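Following: one structure in structure tokens, then a few remarks.
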Amino acid sequence: MFSLISTVIDTTKPPPPHFVWPHPQSIELLPQFFTINPNQFQIIVDSACDTLTSAIARYNPSRLFIQDCSQMDSSFNGTNFHTETLNLRSDSNHLGELRNLTLLFTGECERYPYFGMVERYYLKVDCEQGAFVFGESIWGALRGLETFSQLLVHVGVDQFVLHTARIHDYPRYSHRGLLIDTSRHFLPKKQILKTIDAMEMNKLNVLHWHMTDDQSFPFESETFPQLSRKGSYHASTHVYKAKDIGDIIEYARLRAVRIIPEFDSPGHTFSWGLGYPQLITACYDEQNQIKGGLLDPTSAVTYSFIRKLFLEIAEKFPDKYFHLGGDEVEDDCWAANINITSFMNRTNMTDDYERLQGFYVGQLVKIANHLNRSSIVWQEVLNSIGDDLPKDVLVQIWIEWPSVDLRWRDAIGNATAAGYKVLLSAPWYLDHISATVDWRRFYEEDPEDFDGTEQQRKLVIGGEACMWGEFTDASNLISKTWPRASAVAERLWSSKALNDSEKAIPRFREHGCRMRRNGLRVGPADGPGYCACDVAM
């Protein structure tokens, strides 16, 4: 079990239990075990909650009882890898056949996941009571069900083994996210749904949807239809309609995944201006051609537009948070526009473009608050506004440029010292592919590894892995993201003490193969090796 997965079965004793990823806070696996026949197994739940009803249908039997790799693809007619029947007659640890899992939770059947939701659960498999998952909320019950699915070991046709176990588990951080970028390359709905499937398997709970950027505006707005008609790659095929967004949010809801939209501004907005040029700062290059893609922060038209757009976004995305962006604002275009420089002189901002950006973002925070939404911003906004940024705004730390001495540990220390809650992304840019096994580097970074007080560390509420879209599209989204993002998932869920990537290798390899068995075409996990399911890919 601690080497490459083998297809040879020792029929004199049951195989060791599977590893769980991310690693639980407390886990005890015992030698006693049950056998399970999928045809005789059911999940019992004591509450009529649609989230659990959907989960039971999703897991039983397809997620719990994958019997061979051919189930990944109906066109595969290869050999079953596990065809021998386990000989249990001489094993005193065999507890007989398990026919039920009882799934329990406390509290209400909450409809949408949210920041701070309780994800704690207990899992118990013993000789007296059988198998139970108890969640301290409906979301905890879902997390426990995923763990239960990872404990099952396939040993023969219609035969699985489940070891007795005691697990007490909960996440280290409330916000455990993955960013996807649908502007640089359009990502079809199917690939976004597969991404959410992978997030569920890794207990990530936030999909940060970087919806728009300079390159395209794929959000089909009913209020401002020219945004996607002129700003998307294709106004019919490369857009997200209201139904698409609703389907994705519903799919994510049932898997305890929040969807946080990002409409980045005032920079990264060239695509906005294709349909509504009145929003964009007018400035010109040496050939007297209009250039740039910055919104005009001095115009009432801009704020009226954003107010109406944000209202539509709030109606489509139920999560409490908006991501306002605010990164990489190149102010040369503002500096070349006489209307903007005049505004700055009148308001005592002369030549201070960071203050101008701060003024703009401050207006957006007020608009979001009026819609009962809280805001997330990239770290440059805090640099621009300073203490004028409301303390309830989350700051996402992303810059890590050691060559110019911009280091995330300094940034996170400064932000928390000023009293801001932060998310960390800087060390977890998945689109930066290295020649080495980079998941180990992701695994060994810790959000609290900075100079600061314990009170500052309490302001770190989680982090996100980021898969930016310059070189990522539907063809490689899953294979580039996974299982590399699994390293970040464990860092954000499991104990801080669990940080040795060398010891994690066998578990990481098994989890990569597990994701393949579940139909996700993930990339190689850790250098040379193989999964039994390779032949079915």
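The values are calculated or read from the model by the stated rules, or taken from the named source; none is laboratory data. Computed from a predicted model, the values in this text were never measured in an experiment. We place every Cβ from the backbone using ideal geometry, glycine too, and count neighbours over all the protein chains shown. Areas reflect the complete protein model, heavy atoms only, side chains present, ligands, DNA and RNA absent. Shrake-Rupley method; radii C 1.70, N 1.55, O 1.52, S 1.80 Å.
Here are a few things to note about the model shown:
- Residue match in region 174-181 (condition: part of a strand (DSSP E or B) and under 19 Å from Y59 (Cβ atoms)): no
- Residue identified as of a type in the set (A, V, I, L, M) and over 22 Å from W398 (Cβ atoms) among I376, I367: I367
- Checking R184 against (1) open to solvent by less than 10 Å² (accessible area, probe 1.4 Å); (2) assigned by TED's automatic domain parsing to the domain that holds G463, the condition it does not meet: (1)
- Test: residue in region 344-353 that is within 27 Å of I249 (Cβ to Cβ) and without any contact (Cβ under 8 Å) to a residue 12 or more places away in the chain: no
- Qualifying positions in region 188-222 - without any contact (Cβ under 8 Å) to a residue 24 or more places away in the chain and of a type in the set (S, T, Y): none
- Failed item in (1) at pLDDT 95 or above; (2) over 30 Å from Q396 (Cβ atoms), with G78 passing the rest: (1)
- Residue list for region 465-488, filter: out of contact with any Gly (no Cβ under 6 Å at 6 or more places or on another chain) and open to solvent by 10 Å² or more (accessible area, probe 1.4 Å): W468, E470, F471, D473, A474, S475, N476, I478, K480, R484
- Sole exception among (1) over 24 Å from G419 (Cα atoms); (2) at pLDDT 90 or above for D319, by number: (1)
- Across region 199-238, the number of residues qualifying as closer than 18 Å to E470 by Cα, open to solvent by 10 Å² or more (accessible area, probe 1.4 Å) and not small (G, A, S) comes to 5.
- 3 or more residues open to solvent by 10 Å² or more (accessible area, probe 1.4 Å) and over 27 Å from F450 (Cβ atoms): qualifying helices (runs of 4 or more DSSP H) within region 348-427: 353-370
- For region 135-152, filtering for residues that are in a helix (DSSP H, G or I) and either open to solvent by 10 Å² or more (accessible area, probe 1.4 Å) or aliphatic (A, V, I, L, M) (or both) leaves 6.
- In the set (1) in contact (Cβ under 8 Å) with a residue 60 or more places away in the chain; (2) under 27 Å from H268 (Cα atoms), the condition left unmet by E510 is number (2).
Condition check ((1) crowded, with 22+ Cβ neighbours inside 10 Å; (2) without any contact (Cβ under 8 Å) to a residue 24 or more places away in the chain; (3) under 16 Å from H268 (Cβ atoms)) across all residues:
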| position | (1), (2), (3) |
| --- | --- |
| L294 | yes, no, yes |
| V301 | no, yes, no |
| S304 | no, yes, no |
| F310 | no, no, no |
| K316 | no, no, no |
| L324 | yes, no, yes |
| D327 | no, no, yes |
| N337 | no, no, no |
| T341 | no, yes, no |
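- No other residue among R457, R507, R491 is within 21 Å of the chain's Cα centre (by Cα) and open to solvent by 10 Å² or more (accessible area, probe 1.4 Å) apart from R507.
- Those residues of region 99-155 which are among the small types (G, A, S) and over 24 Å from the mean Cα position of the chain (by Cα), in sequence order: G107, G130, A131
- Within region 507-537, the residues that satisfy the criterion of being at pLDDT 90 or above and in a helix (DSSP H, G or I) are R507, F508, R509, E510, H511, G512, C513, R514, M515, R516, R517.
- Residue match in region 278-300 (condition: aromatic (F, W, Y) and either at pLDDT 95 or above or closer than 20 Å to V377 by Cβ (or both)): no
- Single condition C127 does not satisfy, out of (1) of a type in the set (A, V, I, L, M, F, W, C); (2) surrounded by fewer than 18 Cβ atoms within 10 Å (Cβ to Cβ); (3) within 17 Å of A252 (Cα to Cα): (3)
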